[in-house]
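The values are calculated or read from the model by the stated rules, or taken from the named source; none is laboratory data. Given the structure is predicted, the values throughout are model-derived calculations rather than measurements. Glycine also receives a Cβ, built like all others from the backbone with ideal geometry; neighbour counts cover every protein chain displayed.
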Amino acid sequence: MCPQKEVIRALPDLLDAQTIDQVKDRIQRSVSAIGFDFFLIALESPAAPGYEVKTNYPQNCVERYNRLQWVGRDPVVRHCQQSPVPMIWHRHHFPGEACELYEESAAHGIATGVATALRGARHSRAMMISVANGAFFNTRLESWLTETMPTIQLLAAYAYEAIVHIKEAGAAADVGLTPREGECLHWSSAGKTSWEISRILGCSEATVNFHFRNIIHKLGVSNRRQAVARALSLGLIRP
């Protein structure tokens, strides 16, 4: 069986990962099996502008990239922010001042690669993944990179679900809703009023409103509608 087919068959294992480190290890094995040495995943932060980055790039390379604020001038990042179409990137894509970024990356074996972006249907957070090796770009390499594109896109989809699931599970555990608060959220998501919820749960309307004040505080939102939306995004209740 060819390496790419083996990688595709193993992709569902990503969804069983319990920690981000396990996700990174499995992605590393996948990209290595395909023929790449490095990967970088940037997932849009839900709370503030910016991205959460998972990578096996050399630490000094990452630190310099951040220190010089290259993200705003990186043509690969720019492409992924603007289009979901995967791209093959190499020296040609780094003109002008971006040439410095390319030369430094290439010196670390990050010279040519494939990048793609996606946005989750349920989570609505943008993510990009870029994989790379130190090979010199030519027509033969371009053909091989083109063949890897579908596999990289599949890898991105599985990595996205794995990372977001782990992060949401951690965030949900940190919220610490009580069972009764969870019930109030469930019935509110079904369109029930405080009075209707009180009849269903066998308590007073004031008690329901008390639970919602606690829920709103724990979820860090401003009102009941936002609380329901936040709870849905964290998987605390199901649509």
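Structure summary
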{"quantity": "Selection status of VAL76, part of a helix (DSSP H, G or I) and at pLDDT 95 or above", "calculated": "yes"}
{"quantity": "Residue that is farthest from the chain's Cα centre (by Cα), among those in the stretch 9-29 that are of a type in the set (S, T, N, Q) and outside any helix (DSSP H, G or I)", "calculated": "GLN18"}
{"quantity": "Residue identified as among the small types (Gly, Ala, Ser) and touching a helix residue (DSSP H, G or I) at 6+ places or on another chain (Cβ under 6 Å) among SER143, SER124, SER188", "calculated": "SER188"}
{"quantity": "Qualifying residue in the stretch 31-39 (condition: without any contact (Cβ under 8 Å) to a residue 40 or more places away in the chain and of a type in the set (S, T, N, Q))", "calculated": "yes"}
{"quantity": "Flag if MET128 is outside any helix (DSSP H, G or I) and not small (Gly, Ala, Ser)", "calculated": "yes"}
{"quantity": "Single match in SER143, SER124, SER105 (criterion: within 26 Å of SER30 (Cβ to Cβ), surrounded by 15 or more Cβ atoms within 10 Å (Cβ to Cβ), small (Gly, Ala, Ser) and assigned by TED's automatic domain parsing to the domain that holds LYS24)", "calculated": "SER105"}
{"quantity": "Residue list for the stretch 154-191, filter: part of a loop (DSSP other than H, G, I, E, B) and crowded, with 17+ Cβ neighbours inside 10 Å", "calculated": "LEU177"}
{"quantity": "Subset tally (residues that are under 22 Å from ALA156 (Cβ atoms) and without any contact (Cβ under 8 Å) to a residue 40 or more places away in the chain) for the stretch 55-81", "calculated": "10"}
{"quantity": "Residue check, THR151 part of a helix (DSSP H, G or I), in the same structural domain as GLN22 (by TED's automatic domain parsing) and surrounded by 16 or more Cβ atoms within 10 Å (Cβ to Cβ)", "calculated": "yes"}
{"quantity": "Residue that is surrounded by the most Cβ atoms within 10 Å (Cβ to Cβ), among those in the stretch 31-75 that are touching a strand residue (DSSP E or B) at 6+ places or on another chain (Cβ under 8 Å) and of a type in the set (Asp, Glu)", "calculated": "ASP37"}
